[in-house]
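The values are calculated or read from the model by the stated rules, or taken from the named source; none is laboratory data. Keep in mind that what you see is a predicted model, and the values were worked out from it rather than measured. As a convention, Cβ positions derive from the backbone with ideal geometry for all residues, glycine included, and neighbour counts pool all protein chains shown. The area values use the complete protein model at the heavy-atom level, side chains included, leaving out ligands, DNA and RNA. Shrake-Rupley method; radii C 1.70, N 1.55, O 1.52, S 1.80 Å.
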Amino acid sequence: MMQDNIFQKILDRKIPATIVYEDDLCLAFRDINPQAPVHVLIIPRKVLRTHADIRQEDQELLGHLHLVAARLANELGISDGYRLVVNCEERAGQTVPHLHFHLLGGRGFSWPPG
């Protein structure tokens, strides 16, 4: 199932995406259903189904994803205020079984979300 999800297909270049960042550990691309003027998804190349599946050995990878998010926020002009979201499991809104961060910005946000 993990090898058949849409994010894995993007990683494998089986379907197109508007890629804004790429390195050996992750890929970032624009969301096809943006919820803000800037809405980028940051995904690890490592197969992790959801945030609940991370382990101690993923610590460096997770730190890297956060550094990429901060870098992209600056490059995309949203460093004055952005939201970084991780949905864990379907009940919380996760729709693709591959760990991913939503980087959202370019508008104001309220609290609590949803």
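Please report the projected area of the stretch 37-94's Cα convex hull averaged over all directions, in nm².
Numbers: hull surface 18.3 nm².
The directionally averaged projection comes out at 4.6 nm².
List the residues whose amide H sits under 5 Å from the amide H of Gln94, counting only those 5 or more places along or on another chain, with H placed 1.01 Å from N in the peptide plane.
Sorted by chain and number, the residues that satisfy this are Cys88, Glu89.
For the chain, what is the charge dipole size about the Cα centre, in debye to the nearest 20, if Lys and Arg each add +1 at the Cβ and Asp and Glu each add -1 at the Cβ?
Working: 12 positive and 14 negative charges, 57 e Å.
Here the chain has a charge dipole of around 280 debye.
Among Ala36, Gly105, Gly63, which residue has its Cα positioned farthest towards the positive end of the charge dipole of the chain, with +1 placed on the Cβ of Lys and Arg, -1 on the Cβ of Asp and Glu, and the dipole taken about the Cα centre?
Highest projection toward the positive end goes to Ala36.
List the residues, sorted by chain then number, that are 5 or more residues from Arg49 or on another chain and whose placed amide H is less than 5 Å from its amide H.
Answer set, sorted by chain and number: Leu99.
For the stretch 53-105, give the magnitude of the charge dipole about the Cα centre (Cβ charges: +1 Lys/Arg, -1 Asp/Glu; no others), in debye to the nearest 20.
On the way: 4 positive and 8 negative charges, 34 e Å.
Around 160 debye, computed over the stretch 53-105.
So if each residue of separation counts as 0.36 nm, and I subtract the Cα-Cα distance between Asn33 and Leu84, what length gain in nm does that give?
Using 0.36 nm per residue and subtracting the Cα-Cα distance, I get 16.7 nm.
Using the Karplus curve 6.51 cos²θ - 1.76 cosθ + 1.60 with θ = phi - 60°, what ³J(HN,Hα) values do you get for each residue of the stretch 37-50, in whole Hz, with x for Gly and Pro?
After applying 6.51 cos²θ - 1.76 cosθ + 1.60, I find x, 10, 9, 10, 9, 10, 10, x, 6, 5, 6, 9, 5, 7 Hz.
So what J values fall out for the stretch 17-32 if you push phi through Karplus, 6.51 cos²θ - 1.76 cosθ + 1.60 with θ = phi - 60°, rounded to Hz, Gly and Pro as x?
The phi angles translate into 7, 8, 7, 10, 7, 7, 8, 5, 9, 7, 9, 10, 8, 6, 5, 7 Hz.
Which whole-number percent is the relative contact order of the chain (Cα, under 8 Å, 6+ apart)? Kindly include the intermediate steps, with their values, before the conclusion.
Working: 161 pairs, mean separation 34.4, N = 114.
Relative contact order comes out at 30 percent.
Say a paramagnetic label sat at a point 7 Å from the Cα of Thr95, along Cα to Cβ; which residues of the stretch 27-69 have their backbone N under 13 Å from it?
The answer is 31-36, whose backbone nitrogens lie closer than 13 Å to the label point.
Against the longest principal axis of the chain, how steep is helix 59-75, in degrees 0 to 90 to the nearest 10, with axes from Cα atoms?
40
Leaving out ligands, DNA and RNA, what percent of the accessible area of the chain is carbon and sulfur, probe 1.4 Å? Can you show the working numbers first?
Values: 3510 of 6880 Å².
In the chain, the share of accessible area belonging to carbon and sulfur is 51 percent.
Per residue, how much accessible area does the chain have with a 1.4 Å probe, in Å²? Please list the in-between numbers first.
Numbers: 6880 Å² over 114 residues.
In whole numbers, the chain has 60 Å² accessible per residue.
Are there trypsin sites (Lys or Arg not before Pro) in the stretch 1-51 that DSSP puts in a loop and that have at most 12 other Cβ atoms within 10 Å, and which ones?
Details: sites: Lys9, Arg13, Lys14, Arg30, Arg45, Lys46, Arg49; in loops: Arg13, Lys14, Arg45, Lys46, Arg49.
In loop regions of the stretch 1-51 (DSSP not H, G, I, E or B), the sparsely surrounded trypsin sites (Lys or Arg not before Pro) are Arg13, Lys14.
Residue by residue through the stretch 90-99, which ³J(HN,Hα) values in whole Hz follow from phi under the Karplus form 6.51 cos²θ - 1.76 cosθ + 1.60 (θ = phi - 60°), with glycine and proline marked x?
Once rounded to whole Hz, the list reads 4, 4, 9, x, 6, 10, 10, x, 8, 3.
Any idea what log10 I(q)/I(0) is at q = 0.14, 0.21 Å⁻¹ for the stretch 1-55, Debye with uniform C-alpha scatterers and no solvent?
-0.39, -0.85
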